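The values are calculated or read from the model by the stated rules, or taken from the named source; none is laboratory data. All figures in this text were calculated on a predicted structure; none of them were measured in a lab. All Cβ positions, glycine included, derive from the backbone under ideal geometry; neighbour counts span all protein chains shown.
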Amino acid sequence: MTATPPAMTDIAFAMQGDFAPTGYERPLLQALVSVLPWLAEEPLAGVLPLRGTQHDQGIWLPRRTKLVLRLPVSRIGEAHALSGQRLALGKASLLIEAGEIRPHKGHPTLHARLVTSALDETEFMAFVEAELSHMGITGQCLCGKHRTLMDGDRTLRGYSLVVHHLKPDQSLLLQGMGLGQDRTLGCGIFVPFKAIPNLA
């Protein structure tokens, strides 16, 4: 690895809102940037996918669902400006409540829902291994489902990915650095892996 990345952490905001429509990622990012203009300029910043029950028209959000941002530690103080804001997602909206810092831990296995790539699976895995090697990360990679994400008129394509047998420092580095593009749309962000629900 050629450079030391900034210290990264997650901040999880409680929120009020029952539903997020299909394709919420871009409207959510635009709403976030209207409150936190610097978010679009932070190269390692990410917005974790909202967790809920998939529906034909979007995602139903249980009360425990959090809005989670992955940010440089130096930005956490500014990120608290989101508290009390109402973010519009098309016809839906989210009222953002207090934020709680969630420091990263050195989990041995991490999972990304979608790492963007236009490559076929063999080429994608070669790309992943090269990127991890460049960062000094060793581990066993398992490619999951081919996935797509609609971003307006643009279709993001790629694969889900699991990385096993990470050393604690490697795990922290991969969580901080991510992999691939479009992290503020929820792509290339690694979280602790608990089970393989069809490699979702």
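Of the residues that make up the stretch 133-153, is at least one in a loop (DSSP other than H, G, I, E, B), surrounded by fewer than 20 Cβ atoms within 10 Å (Cβ to Cβ) and either among the aromatic types (Phe, Trp, Tyr) or free of Cβ contacts under 8 Å to residues at least 12 places away in the same chain (or both)?
Yes, the stretch 133-153 contains a residue that is in a loop (DSSP other than H, G, I, E, B), surrounded by fewer than 20 Cβ atoms within 10 Å (Cβ to Cβ) and either among the aromatic types (Phe, Trp, Tyr) or free of Cβ contacts under 8 Å to residues at least 12 places away in the same chain (or both).
Which residue out of Leu82, Leu89, Leu67 is surrounded by 20 or more Cβ atoms within 10 Å (Cβ to Cβ) and modelled with pLDDT under 95?
Only one candidate passes the filter, namely Leu89.
Looking only at the stretch 1-59, count every residue that is within 19 Å of Phe190 (Cα to Cα) and of a type outside the set (Gly, Ala, Ser) and tell me the total.
In the first step, residues of the stretch 1-59 are kept if they are within 19 Å of Phe190 (Cα to Cα); the result is 1, 4-13, 25, 29, 39, 42-52.
With the extra rule that they be of a type outside the set (Gly, Ala, Ser), the set shrinks to 1, 4-6, 8-11, 13, 25, 29, 39, 42-44, 47-51.
Count: 20.
Would you point out which residue out of His111, His107 is in contact (Cβ under 8 Å) with a residue 12 or more places away in the chain, within 18 Å of the chain's Cα centre (by Cα) and not in a loop (DSSP other than H, G, I, E, B)?
Every option except His111 fails the conditions.
Within the stretch 11-24, restricting attention to residues that are under 15 Å from the mean Cα position of the chain (by Cα) and within 19 Å of Pro62 (Cβ to Cβ), which residue is surrounded by the fewest Cβ atoms within 10 Å (Cβ to Cβ)?
Looking at residues that are under 15 Å from the mean Cα position of the chain (by Cα) and within 19 Å of Pro62 (Cβ to Cβ), I get Ala12.
Check the stretch 33-40 and report whether any residue there is under 30 Å from Ser133 (Cα atoms) and crowded, with 19+ Cβ neighbours inside 10 Å.
Taking every residue of the stretch 33-40 in turn, at least one turns out to be under 30 Å from Ser133 (Cα atoms) and crowded, with 19+ Cβ neighbours inside 10 Å.
Scan Trp60, Trp38 and give me the residue that is of a type in the set (Phe, Trp, Tyr) and either under 20 Å from Ile11 (Cα atoms) or not assigned by TED's automatic domain parsing to the domain that holds Tyr24 (or both).
Unique residue meeting the criteria: Trp38.
Of all residues in the stretch 80-116, how many are of a type outside the set (A, V, I, L, M, F, W, C) and closer than 18 Å to Met150 by Cβ? If you could, list the steps in order and put the result at the bottom.
Here is the first cut: in the stretch 80-116, the ones of a type outside the set (A, V, I, L, M, F, W, C) are 80, 83-86, 90-91, 93, 97, 99-100, 102-109, 111, 113, 116.
Subset that is closer than 18 Å to Met150 by Cβ: 90-91, 113, 116.
Residues meeting the conditions: 4.
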